[in-house]
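Student: Can you keep this structure in mind? I'll have questions shortly.
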Amino acid sequence: MSLPQQQFDGFRLDFPATLEDARDAVRSVVQWLADHQIREDECQQWELVLAEAANNAVIYTTPDQAQLTAHIEAALSEHDIEVRITDHTSGFDWPEKVELPEDDESEHGRGIFIITSLTDQVSYLRGQGHNVLCLRSQRKSPPEAREDTEATLELMTAEVASCYETLANIFRLIADAGNDVEPVALASRWLEELRVLAGADFLVLRMAATEASRLPILGGVPSTIVWDPLLDLRTADAVETRAAVTRQDQWFDGGTSFAAADPLRKAGEHISGLAHPLESGGDLAGVLTVGVFKPLWEPSARELNVVRSLGDFLGALLHGLHRRDEANQARLMKRELQIAADIQRSLLPAELPQTPFVHCAAHLATVGEVGGDYLDGILLPDGGLLFVVADVMGKGVPAALFATAFHSLLHSNLDLAARPSRLMQRLNQAMFAELDRADMFITAQLVHISADGLALNVCGAGHAPLLLSDGRQIQEVCADGPPLGVTADAGYQDYTISLSTYTHVLLHTDGLSDVVSGGGILSRDELHTWLREAAAATEDASASRDSLHRLHRSAVDAASQQDDATFMIITRGTQTLSANTQNSLSHANG
Amino acid sequence: MTLTASAQITAPAELCATTARLWRDRLEREIKPEHEEACVDLSKTRFIDSSGLGVLLTLNKSLRARGATLKLVNPSSAVCQLIELTRLHRVFEIVHY
């Protein structure tokens with residue numbers, strides 16, 4: 001007979017199918033009931049019932065079933081006692097009506113009557129070599145509350161002391177955090193405090209980052225352990241990962257099988273402890289892991305309370321500090337972008353130059369606070385015109401600073417304006433070192449138009465092609481040179497075009513018509529169609545500018561994208577300047 | 001006064017399926033044909049099951065068949081309750097001293 005297994009309020013025992021072993025099994029169950037404060041008279045009744053039931057479980061055993069064991073299990077609830085006896089015999093038919101033998105003096109036929117008379121509920125499930133008899137009775141007396149006043153008082157005292165200690169530490173932590181300390185320093189100091197309070201050997205604290213799938217380390221003690229700086233919640237099958245994902249405490253001990261990539265392996269092989277998830281406002285704030293360098297950690301209720309309560313508070317506090325830092329960072333970023341936008345605006349011409357033969361209107365994109373787009377129109381001393389559209393890679397202050405440098409260099413080298421390729425080369429030479437150091441580049445297009453409006457010279461540096469139309473056809477002039485800042489000794493080339501046959505010229509950045517088609521930005525074909533129709537319809541540059549802006553706006557609105565198009569329309573005509581040319585430059589954000 | 005030949009037998013602490021055969025053998029040995037009654041002392045018997053009752057019924061039947069009687073002496077309250085539950089108090093003569 002195997003040893004009885006006792007767990008919680010249950011009893012289980014296998015026993016060989018003999019009368020002697022059945023009797024011993026019944027004694028064990030009854031003793032277990034007695035041990036669980038079942039009254040003596042109840043135990044006596046159960047002994048009789050179980051003796052009858054166990055006998056039935058073995059007396060039908062055939063010789064070939066002799067090696068099979070029967071099984072008895074008992075369970076206690078607040079109100080009931082339930083016992084199940086399982087056997088592997090062929091079983092028997094449970095009578096539909098349970099009565100005493102008609103013959104009072106019959107020597108047999110009372111066992112089932114005794115069972116049913118002394119229990120509230122009986123069911124017999126007969127199967128193929130597997131029969132189960134379930135017996136249930138209400139407890140005659142409710143379980144007595146076992147109150148050990150002294151022990152209870154002791155526990156309450158310990159709990160109150162623990163609460164007081166935790167509360168006192170929380171007050172100290174609040175005071176400490178109020179000194180505007182840096183989060184890492186605060187975490188390190190308090191992890192050391194927690195180590196002492198919890199009687200632990202090591203602690204590691206990971207706090208949630210902006211990227212939800214990663215938990216970077218904020219602190220760990222002792223400093224001799226070199227913890228992994230990052231816990232990847234997507235791939236690592238680690239104890240801390242389970243705590244973070246399930247939001248439930250994860251205990252580990254000498255029997256825990258750590259995955260090869262589990263960061264806790266850094267603490268040693270024979271460790272035990274607890275990985276406790278930290279939450280703040282329903283979000284995962286981090287994971288605090290507390291452990292000892294031995295296979296089993298048995299913290300007292302006080303120690304566990306301190307770890308959980310103080311850990312939760314520390315986590316919430318650090319999470320709040322992190323949020324505050326993020327908000328400060330966002331404010332700084334916003335301010336930086338405002339500065340960049342101011343710089344960008346200061347570089348723009350108040351009005352684009354107009355001549356009797358050449359009209360011009362432009363639209364400048366402003367993505368968010370500031371973009372990297374730049375445009376300019378300069379009336380040269382000889383009456384010629386230089387038009388510039390450029391795009392500094394990147395956003396914010398760095399892009400605005402390079403746009404400023406580009407603007408200054410452009411205006412200080414206007415003597416080269418009639419030869420855009422030489423001007424472009426000069427700009428590249430002057431800016432290459434700084435752009436290369438910052439790992440940035442600028443695409444640009446320089447267009448020079450002669451004073452009589454008949455000749456156009458264009459040079460590109462990695463920029464979108466120049467488009468020309470006479471109302472019937474489109475000419476696309478691709479820029480051949482590399483962007484500024486890519487090659488120190490880059491060579492550029494001018495393309496000369498007679499403007500006598502064209503009425504519309506379009507310079508633009510990638511934001512207007514990217515190589516991507518159908519993504520909300522105008523496709524190449526759409527842009528060509530529009531330009532052809534605009535060139536046929538009007539010589540008014542501002543009207544064409546407004547028309548193209550509406551077309552682009554409807555495309556980006558449909559795709560819920562931002563207006564990031566910068567473009568310039570140059571028209572050549574014989575009409576006098578329209579009133580619209582007084583508003584030759586428009587901005588996406590007003 | 002006529003003296004009745006009586007067999008005095010003390011039942012074991014447990015009269016159940018595991019002890020029934022031995023108990024039956026013992027009764028056969030100790031109760032002689034000349035005994036007009038058999039007194040089974042149940043005062044030390046704390047547990048009886050249906051098999052134990054069966055042995056007592058067999059004994060009762062065999063004694064009655066030859067005109068002798070069976071007396072169950074001083075059974076515990078638990079044993080009495082079982083006898084009453086199975087309505088054997090109508091069959092057995094129970095005496096308390």
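Only the coordinates and a few stated rules stand behind these numbers; no lab work does. Just so it is clear, the model here is predicted, and its values are computed rather than measured. As a convention, Cβ positions derive from the backbone with ideal geometry for all residues, glycine included, and neighbour counts pool all protein chains shown.
Student: All other residues with a Cβ under 11 Å from the Cβ of residue B:69 taken together, and with Lys, Arg as +1 and Asp, Glu as -1, what is their net charge? Intermediate values should be presented prior to the final figure.
Tutor: Numbers: positive: B:64, B:66, B:71; negative: B:36, B:37, B:93.
Summing Lys and Arg as +1 and Asp and Glu as -1 gives 0.
Student: Compute the angle between helix A:149-177 and the longest alpha-carbon principal axis of chain A, please, reported from 0 to 90 degrees and rounded to the nearest 10.
Tutor: Helix A:149-177 sits roughly 10 degrees off the main axis of chain A.
Student: Helix A:40-59 sits at what angle to the longest principal axis of chain A, using alpha carbons and giving 0 to 90 degrees rounded to 10?
Tutor: It is inclined by approximately 90 degrees.
Student: What are the semi-axes of the equivalent ellipsoid for region A:389-479, taken as the square roots of 5 times the Cα gyration tensor eigenvalues, largest first, in whole Å?
Tutor: Value: 26, 16, 10 Å, ordered largest first.
Student: If you don't mind, there's one more thing I want to ask. Using a 10 Å cut-off around each Cβ, can you sort A:160, A:287, A:221 from fewest to most neighbouring Cβ atoms?
Tutor: A:160, A:221, A:287
Student: What aspartates and glutamates sit close enough to residue A:294 to cross-link, taking a C-alpha to C-alpha distance under 20 Å and skipping anything fewer than 8 places away on the same chain?
Tutor: A:192, A:201, A:240, A:249, A:253, A:262, A:269, A:303
Student: Where in chain B are there GluC sites (Glu not before Pro) that are in a DSSP coil and have at most 13 other Cβ atoms within 10 angstrom of their Cβ?
Tutor: B:34
Student: Counting Lys +1, Arg +1, Asp -1, Glu -1, what net charge surrounds residue A:417 among other residues with beta carbon under 14 Å of its beta carbon?
Tutor: Net charge around residue A:417: -1.
Student: Once you order the gyration tensor axes a ≥ b ≥ c over the Cα atoms, which shape class does the protein assembly as shown get: rounded for a/c under 1.5, otherwise prolate or oblate by comparing a/b with b/c?
Tutor: prolate
Student: Roughly how far apart, in whole Å, are the Cα centres of region B:48-62 and region A:393-455?
Tutor: Comparing the Cα centres of region B:48-62 and region A:393-455, I get a distance of 119 Å.
Student: Using 0.36 nm times the number of residues separating residue A:224 and residue A:324, minus their current alpha carbon distance, what extension gain do you get?
Tutor: Result for the pair: 32.9 nm of gain on full extension.
Student: Also, I was wondering about something else. Please list, by residue number, every one of the trypsin sites (Lys or Arg not before Pro) in region A:66-118 that is coil in DSSP and has at most 10 other beta-carbon atoms within 10 Å. Mind showing how you got there, number by number?
Tutor: Working: sites: A:84, A:97, A:110; in loops: A:97, A:110.
Sites meeting the loop and neighbour criteria: A:97.
Student: If I fit a long axis through the Cα atoms of helix A:524-537 and take the longest principal axis of the Cα atoms of chain A, what angle between them do I get, 0 to 90°, rounded to 10?
Tutor: 40
Student: Mind checking which of B:20, B:78, B:11 has the largest fluctuation in a GNM of chain B, springs on alpha carbons under 10 Å?
Tutor: Highest fluctuation of the listed residues: B:78.
Student: Specify whether the C-alpha gyration tensor of chain B places it in the rounded, prolate or oblate class, a ≥ b ≥ c being the square roots of the eigenvalues: rounded for a/c under 1.5, otherwise prolate if a/b is larger than b/c and oblate if not.
Tutor: The shape class here is prolate.
Student: Shifting gears a bit: Determine the gain in length on full extension of the stretch residue A:153-residue A:104; use 0.36 nm per residue of separation and subtract their C-alpha separation, reporting nm with one decimal.
Tutor: Net length gain for the segment: 11.6 nm.
Student: How much mean residue ellipticity at 222 nm does the protein assembly as shown get from its helices, if each DSSP H run of length 4 or more adds -39500 (n - 2.57) and you divide by all residues, to the nearest 500 deg cm²/dmol?
Tutor: Taking each H run of at least 4 residues, the total per residue is -12000 deg cm²/dmol.
Student: Give me Rg over Rh for region A:27-105, both radii from the alpha carbons and Rh done the Kirkwood way, two decimal places.
Tutor: Rounded to two decimals, Rg over Rh is 1.03.
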